Amino acid sequence: MQLKKITITLFLVLGARLFAFEPLAEEYLVSYGNKDASLTITQYYSFTCPHCIALFRKQFQQIRQEYIDTEKVCWVFHPVPMDILTVKAMDCLQKLSNKEKQLFLEVLLEEVVMDNPHISSLLMQKGMEILGKPTPNLGDKEYLSSTDAFLDAFEFIKQDQTVEAVPSVDVNGHLLEGQVPDLAFIHKLLLEFGEKK
């Protein structure tokens, strides 16, 4: 047991790339769970990342039931604006409360059509209509390029150091690029960190 703790600790310390990049503003993030949980996991994702979407579809509900709803983990979804679809989602997210963001994200990640961004964009527009915050110009490039989301996305990606691969995770302040935050990974982390913060 002690050897496992040492191994996980070394993995976190040596495997983490400590970056000095500025994350996106809270208005673009979607949070789940108790912010005082022993683990805060920030998942960096994109709406065009097949691994991000597969993880959400296959494991997020179980992660939520076992770790988030039991207040062991605080989970934050942080978009990485590598593509126009994610920038469109950011424009929508900044108009929503956290509860609305959760609903928006859950529906979209279940329904997004990765090989057809136009349909996914229409789904976003329909979702915003249902939430009472229509964004009819979401498909208009001129509109999108004038939004705060577009400008903030540009500022995020032009930083010297930023997230280069999705999915990636930040665990209590340590960035682990390319790490898929699946159930087994979270279980190992909880064994290491227990209930302390």
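The values are calculated or read from the model by the stated rules, or taken from the named source; none is laboratory data. Quick caveat: nothing in here was measured; it's all calculated off a predicted structure. Here the Cβ is made from the backbone with ideal geometry for all residues, glycine too, and neighbour counts use every protein chain on show.
Within segment 1-45, being modelled with pLDDT of 55 or more, among the hydrophobic types (A, V, I, L, M, F, W, C) and in contact with a Gly (Cβ under 9 Å, 6 or more places away or on another chain) holds for no residue.
Pairing residues of segment 50-64 that are touching a residue at least 60 places away in the same chain (Cβ under 8 Å) and under 17 Å from Val107 (Cβ atoms) with residues that are of a type in the set (D, E, K, R) and exposed (fewer than 14 other Cβ atoms within 10 Å of the Cβ), at Cβ distances under 9 Å and at least 6 apart in sequence or on separate chains, gives Ile53/Glu110.
Of the strands (runs of 3 or more DSSP E) that lie entirely inside segment 70-179, those containing 1 or more residues that are at pLDDT 95 or above and within 18 Å of the chain's Cα centre (by Cα) span 73-79.
Yes or no: Leu96 buried (at least 18 other Cβ atoms within 10 Å of the Cβ), out of contact with any Leu (no Cβ under 8 Å at 6 or more places or on another chain) and in contact (Cβ under 8 Å) with a residue 12 or more places away in the chain?
No, not satisfied.
Looking at segment 180-191 only, could you name the residues that are assigned to a loop (DSSP other than H, G, I, E, B) and either buried (at least 20 other Cβ atoms within 10 Å of the Cβ) or within 13 Å of the chain's Cα centre (by Cα) (or both)? Val180, Pro181 - these are the residues of segment 180-191 that are assigned to a loop (DSSP other than H, G, I, E, B) and either buried (at least 20 other Cβ atoms within 10 Å of the Cβ) or within 13 Å of the chain's Cα centre (by Cα) (or both). Being of a type outside the set (Lys, Arg) and either touching a strand residue (DSSP E or B) at 6+ places or on another chain (Cβ under 7 Å) or touching a residue at least 60 places away in the same chain (Cβ under 8 Å) (or both) is true of Phe156.
Would you check if there is a residue in segment 104-112 being more than 26 Å from Leu189 (Cβ to Cβ) and out of contact with any Ser or Thr (no Cβ under 9 Å at 6 or more places or on another chain)? Yes, the conditions are met somewhere in segment 104-112. In segment 30-46, the residue that is nearest to Lys188 (Cα to Cα) out of those that are assigned to a loop (DSSP other than H, G, I, E, B) and in contact (Cβ under 8 Å) with a residue 60 or more places away in the chain is Ser38. Being of a type in the set (S, T, N, Q), crowded, with 16+ Cβ neighbours inside 10 Å and closer than 28 Å to Asp182 by Cα is true of Ser121.
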